Amino acid sequence: MQITINGRNIEAAEGSTILQTARREGIEIPTLCYLEGVNDIGSCRLCVVELSGSEELVPACNTKVKEGMVILTHSERVKAARRMVLNLLLSEHYGDCFSCEKNGDCELQKYCIEYGVETTEFTGARKEKNFKKKDAHPFLSYDPDRCIECQRCVKTCSHVTGRGAIWLGKTGMFSIIDAPFGEDWKNTLCESCGNCAQACPTGALTVKRRKAYRAWEVEKVRTTCPHCATGCQMDLVVKNGKIVDAVGADGPSNHGLLCVKGRSGSFDFVDSPERIRYPLIKNKATGEFERATWEEALSLTASKFTEIKNQYGGEALAGFACSRSANEDIYMLQKMVRTVFGSNNTDNCARV
Ligand code: SF4
Ligand code: SF4
Ligand code: SF4
């Protein structure tokens, strides 16, 4: 169908929203609560646009396109409405950007800068409740004073991670997220994957490791998680040459998600002094492992395989691959077992 956005004639797919159509055409509309494919509750009202024939501004994230629609995404009326939304959000926001882990990487901060909202004109009511930070969880922390109740975390945990461990508690302006990050976190459904924290647009729900860095101090390196064969894509966060965090990236098998191993078990071992960095061969006389060259180690291994094959036949040998290996390496292992050992005794620990 044909619609018009900011004077441009655009072809829009039936069933798509104004936001999807605009973004596809490179027209940026700000959003806070919206998370593609996960959350389109339209509660933050930052994505409102002007629609001819409608007295009210409409949220772009969950308004479907209709033939002939004429839309303005950045009229003065729209920009004033967005400034008001940010103004109201800040009135219930008691965070201090300087001390916040998300400083420099916060969507609320970004839009406040973009729309020139530096302070709020209103007095909020949440402060009187004196909500406490939930900080007992080893990896995650929730600060209600920085929460904008967008529910991105809730929808991510229930619809994407499939745990349903967090929900919106209380009502109205006193809503907070009932997150299992208090003293009883071990007895909850939370599996510490951290996908909720990654979905949070502000510094309300954070992975604790973020205390150690700010966005402008780090670079990100795209890699594949080493913990299983799913092949999740992740960005390792590197500060001064050291890995300080891991964030899910949009890969074909994970679409931005990580499990607890990928998010929290992927980097501490990198700098461990206990890592084996070269081949070791056991000295029969002393029983101690001694450093060897690759040539020595591979020759010894090959000669032992040959000895066994000559004495007992290829069926006495087997190759069991690690599911953390790349597909190509696992393919090579079974090829060696079948062609060199002469055996079909090969398998992979992913099937255990
Ligand atoms: S959540 Fe964002 S706006 Fe709030 S204190 Fe943190 S950086 Fe600042
Ligand atoms: S860490 Fe994972 S399981 Fe726990 S609340 Fe967050 S999304 Fe849900
Ligand atoms: S914790 Fe973050 S994602 Fe969850 S409702 Fe609050 S601001 Fe939104």
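Could you tell me which residue of the stretch 144-157 is farthest from Asn187 (Cα to Cα), considering only residues that are more than 15 Å from ligand 2 (Cβ to nearest atom) and either in the same structural domain as Leu32 (by TED's automatic domain parsing) or part of a loop (DSSP other than H, G, I, E, B) (or both)?
Top of the filtered list is Ile148.
What residue, among those in the stretch 118-158 that are surrounded by fewer than 16 Cβ atoms within 10 Å (Cβ to Cβ) and basic (Lys, Arg), is modelled with the lowest pLDDT?
Lys127
Does the stretch 271-279 include one or more residues that are under 30 Å from Gly342 (Cα atoms) and more than 21 Å from the chain's Cα centre (by Cα)? Spell out the reasoning first.
Initial filter on the stretch 271-279 (under 30 Å from Gly342 (Cα atoms)): 278-279.
Next, only the ones that are more than 21 Å from the chain's Cα centre (by Cα) stay: 278-279.
Within the stretch 271-279, one or more residues are under 30 Å from Gly342 (Cα atoms) and more than 21 Å from the chain's Cα centre (by Cα).
Tell me the residue from Phe267, Phe305 that is more than 30 Å from Gln198 (Cβ to Cβ) and surrounded by 13 or more Cβ atoms within 10 Å (Cβ to Cβ), please. Quick ask: steps written out before the conclusion?
Values: Phe267 fails: more than 30 Å from Gln198 (Cβ to Cβ).
After ruling out the rest, the residue left standing is Phe305.
Mind checking which residues of the stretch 73-116 are among the acidic types (Asp, Glu) and within 14 Å of ligand 1 (Cβ to nearest atom)?
We begin by selecting, within the stretch 73-116, every residue among the acidic types (Asp, Glu); these are 76, 92, 96, 101, 105, 107, 114.
Matches in the stretch 73-116: Glu92, Asp96, Glu101, Asp105, Glu107, Glu114.
Checking the structure you have, find out if any residue of the stretch 196-208 is over 17 Å from the mean Cα position of the chain (by Cα), over 22 Å from Thr31 (Cβ atoms) and not in a helix (DSSP H, G or I). First the steps, then the outcome.
First, pick out the residues of the stretch 196-208 that are over 17 Å from the mean Cα position of the chain (by Cα): none.
No, the stretch 196-208 contains no residue that is over 17 Å from the mean Cα position of the chain (by Cα), over 22 Å from Thr31 (Cβ atoms) and not in a helix (DSSP H, G or I).
Yes or no: the stretch 219-235 includes at least one residue that is under 22 Å from Cys97 (Cα atoms) and either more than 13 Å from ligand 2 (Cβ to nearest atom) or in contact with a Gly (Cβ under 6 Å, 6 or more places away or on another chain) (or both).
Within the stretch 219-235 (the criterion being under 22 Å from Cys97 (Cα atoms) and either more than 13 Å from ligand 2 (Cβ to nearest atom) or in contact with a Gly (Cβ under 6 Å, 6 or more places away or on another chain) (or both)), the answer is yes, since at least one residue qualifies.
Which of the numbered conditions does Glu290 fail, given that it passes all the others? Conditions: (1) more than 19 Å from the chain's Cα centre (by Cα); (2) part of a loop (DSSP other than H, G, I, E, B).
(2)
Could you tell me which numbered condition Pro138 fails, if it satisfies all but one of (1) within 22 Å of Asp40 (Cβ to Cβ); (2) part of a loop (DSSP other than H, G, I, E, B); (3) more than 8 Å from ligand 3 (Cβ to nearest atom); (4) not hydroxyl-bearing (Ser, Thr, Tyr)?
Answer for Pro138: the failing condition is (1).
Taking the conditions exactly as written (in a helix (DSSP H, G or I) and charged (D, E, K, R)), does Lys309 satisfy them or not? So that I can check it myself, show each step before the final result.
Working: in a helix (DSSP H, G or I): yes; charged (D, E, K, R): yes.
Yes, satisfied.
Could you run through the stretch 166-191 and say how many residues are surrounded by 21 or more Cβ atoms within 10 Å (Cβ to Cβ) and either within 16 Å of ligand 1 (Cβ to nearest atom) or modelled with pLDDT of 85 or more (or both)? Full working, then the answer.
Residues of the stretch 166-191 surrounded by 21 or more Cβ atoms within 10 Å (Cβ to Cβ): 166, 177, 179-181, 190.
Now narrow it down to the ones that are either within 16 Å of ligand 1 (Cβ to nearest atom) or modelled with pLDDT of 85 or more (or both): 166, 177, 179, 190.
Here the count works out to 4.
So that you can scan it fast, the table gives a plain yes or no per residue for (1) part of a loop (DSSP other than H, G, I, E, B); (2) within 16 Å of ligand 3 (Cβ to nearest atom); (3) more than 23 Å from Tyr94 (Cβ to Cβ); (4) hydroxyl-bearing (Ser, Thr, Tyr):
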| residue | (1), (2), (3), (4) |
| --- | --- |
| His159 | no, yes, yes, no |
| Met173 | no, yes, no, no |
| His227 | yes, no, yes, no |
| Met234 | no, no, yes, no |
| Ile243 | no, no, yes, no |
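Inside the stretch 245-285, can you point out the residues that are over 25 Å from Thr301 (Cβ atoms) and assigned to a strand (DSSP E or B)?
Once the filter is applied, which keeps residues that are over 25 Å from Thr301 (Cβ atoms) and assigned to a strand (DSSP E or B), the stretch 245-285 yields Asp245, Ala246, Val247, Gly248.
Which residues, counting only those in the stretch 192-239, are of a type in the set (Gly, Ala, Ser) and surrounded by 15 or more Cβ atoms within 10 Å (Cβ to Cβ)? Quick ask: steps written out before the conclusion?
Looking only at the stretch 192-239, we keep the residues that are of a type in the set (Gly, Ala, Ser), and these are 192, 194, 197, 199, 203-204, 212, 215, 229, 231.
Across the stretch 192-239, the qualifying residues are Ser192, Gly194, Ala197, Ala199, Gly203, Ala204, Ala229.
Please find, among Ala197, Ala215, the residue that is closer than 25 Å to Ile243 by Cα, among the aliphatic types (A, V, I, L, M) and either within 8 Å of ligand 2 (Cβ to nearest atom) or modelled with pLDDT under 95 (or both). Let's see the steps before the verdict.
Numbers: Ala215 fails: either within 8 Å of ligand 2 (Cβ to nearest atom) or modelled with pLDDT under 95 (or both).
Answer to the selection: Ala197.
For residues that are part of a loop (DSSP other than H, G, I, E, B) and acidic (Asp, Glu), scanning just the stretch 100-135, find the one that is farthest from ligand 2 (Cβ to nearest atom).
Of all residues in the stretch 100-135, those part of a loop (DSSP other than H, G, I, E, B) come to 100-106, 115-125, 130-133, 135.
Of the ones still in play, those that are also acidic (Asp, Glu) are 101, 105, 118, 121, 135.
Details: Glu101: 16, Asp105: 18, Glu118: 32, Glu121: 34, Asp135: 14 Å.
So the residue we want is Glu121.
The values are calculated or read from the model by the stated rules, or taken from the named source; none is laboratory data. Please read these numbers as outputs of a predicted model, since none were measured by experiment. Note that we place each Cβ from the backbone using ideal geometry, even for glycine, and neighbour counts take in every protein chain shown.
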